[in-house]
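Here the structure comes first, spelled out in structure tokens, and everything after it is commentary.
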Amino acid sequence: MPHGFRKYLQKSKMSERTIEDYVSLIEQFFSYIDSLHKNNELELFEIQTRHIRDFLTKKQKEDKNELSTVNKNLTILKKFFNYLWEIDKIPVDPAGKIKHKKGNEVKSAIVPYEILLEILPKVIQNKEYSNLKKVIYILALHGFRIQDYHIYKKDIIVKQDSVTIFPKLHEPVELFSVEADLFVSVYHDSMFIDSPYVFNTKRKKEQKYVPIEVMGIYKHLSEIKEDYNIPLNLNTNNIRHAYAFYLYHTKGYSFERIAEVLGIENYSAALLVRESEKRIQNAHETLEIRT
């Protein structure tokens with residue numbers, strides 16, 4: 001994490017889950033900055049207010065973030081740049097004058113989880129899809145966030161008829177049958193890459209592999225959305241909301257159990273379910289999907 005920010009957060013006694021959320025967003029921000037300046041890396045003091053605003057706008061459009069999430073992301077960035085200012089890494093805080101947004105929430109809707117499950121066999125059997133695309137979708141249905149895909153090769157146990165995955169925060173996931181075979185195929189391919197992670201992206205500028213980034217994951221999910229005529233946005237955030245709704249209302253999981261599964265705090269699980277209820281309600285009257 002840049003310039004000791006993780007250690008700074010740990011000293012503030014934040015939970016490890018919250019720290020990972022902060023770290024993930026900052027990593028996404030710098031990936032965005034790198035994508036803008038591929039041939040001329042920006043120094044910290046060159047980052048301007050417009051870079052932060054543009055990143056938040058881009059992320060809001062891609063993730064279909066609610067206003068509360070946009071403001072949360074801004075809070076994280078404010079904390080990071082204030083930290084850099086406090087330790088004299090930057091002369092001016094570029095996030096200092098950005099205000100949190102006010103106004104009415106824009107209604108958003110999510111695809112019911114049962115429909116995503118119906119599409120799963122079609123995704124698995126699609127001969128035009130890479131095993132990586134299939135595995136990304138499989139894990140998304142387990143409620144994976146972007147950082148949950150940053151799985152170490154050492155945290156995989158392959159058995160004769162199954163594979164167990166140990167993400168850093170998310171509850172361990174065990175895959176069976178064809179799903180296990182697909183994951184093991186991707187896992188074995190990763191052994192030929194000089195990286196400790198199972199899922200990787202190669203940065204051309206630096207000519208090195210880094211953990212798979214948000215745009216790589218969203219590209220695969222977006223293509224599945226288009227191929228199966230899903231009229232609503234398909235990303236890890238929306239799928240995670242649909243999964244939380246399914247676990248609570250169909251499987252009968254408590255908030256505490258959902259928190260364990262998804263690797264979040266109990267109160268966050270309750271908020272996730274409540275928000276998912278709103279999004280499902282928004283979808284019921286208009287959702288039409290051809291599979």
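All of the numbers you see were taken from the coordinates with simple rules; none came from a lab. Here the structure is a predicted model, which means the values were calculated and not measured. Backbone-built Cβ (ideal geometry, glycine too); neighbour counts: all protein chains shown.
Here are a few things to note about the model shown:
- Under the shape rule built on the C-alpha gyration tensor, where the axes satisfy a ≥ b ≥ c, region 2-86 is oblate, since a/c reaches at least 1.5 while a/b does not exceed b/c.
- Measuring between alpha carbons in the structure, the pairs from Lys79/Lys204; Lys153/Lys208; Lys58/Lys134 lying more than 20 angstrom apart are Lys79/Lys204; Lys58/Lys134.
- In degrees, nearest ten, helix 236-249 long axis to first principal axis of the chain (Cα): 50 degrees
- In nm, spacing of pseudo-spin labels at Asn131 and Ser31 (7 Å Cα→C-beta vector): 2.3 nm
- Links that overshoot a 27 Å alpha carbon limit, given the list Lys72/Lys251; Lys13/Lys168; Lys102/Lys225: Lys72/Lys251; Lys102/Lys225
- Given R0 = 25 Å, the distance between the Cβ atoms of Glu277 and Asn71 translates into a calculated FRET efficiency of 0.75.
- Scanning residues 5 or more positions from Tyr197 or on other chains, those with amide H under 5 Å from its amide H are Lys153, with H placed 1.01 Å from N in the peptide plane.
- Between helix 214-227 and the chain: long-axis angle, C-alpha atoms, 0 to 90°, nearest 10: 40 degrees
- Estimated FRET transfer efficiency when R0 is 22 angstrom, pair Gln48-Met215 (beta carbons, to 0.05): 0.50
- Only Lys, Arg (+1) and Asp, Glu (-1) charged, at Cβ; region 2-86 dipole about Cα centre in debye: 300 debye
- Cβ-placed point charges (K, R +1; D, E -1), dipole of the chain about Cα centre in debye, nearest 20: 820 debye
- Computed label-point distance, nm, for sites Glu41 and Val92 using a 7 Å Cα→Cβ extension: 2.5 nm
- From the coordinates of this entry, Cα extents along the principal axes in Å is computed, and it appears in (i) 67, 34, 32; (ii) 55, 48, 35; (iii) 63, 42, 41 under the label (ii).
- Span from the region 13-44 Cα centroid across to the region 129-191 one, whole angstrom: 24 Å
- Applying both filters, DSSP loop and at most 11 other Cβ atoms within 10 Å, to the chymotrypsin sites (Phe, Trp or Tyr not before Pro) of region 155-247 gives Phe192.
- Loop sites in region 151-211: GluC sites (Glu not before Pro), DSSP, at most 16 other Cβ within 10 Å: Glu206
- Between His249 and Thr57, residue separation times 0.36 nm minus the direct Cα-Cα distance comes to 65.9 nm.
- In loop segments of region 70-144 as defined by DSSP, the GluC sites (Glu not before Pro) with at most 10 further C-beta atoms inside 10 Å of their C-beta are Glu105, Glu128.
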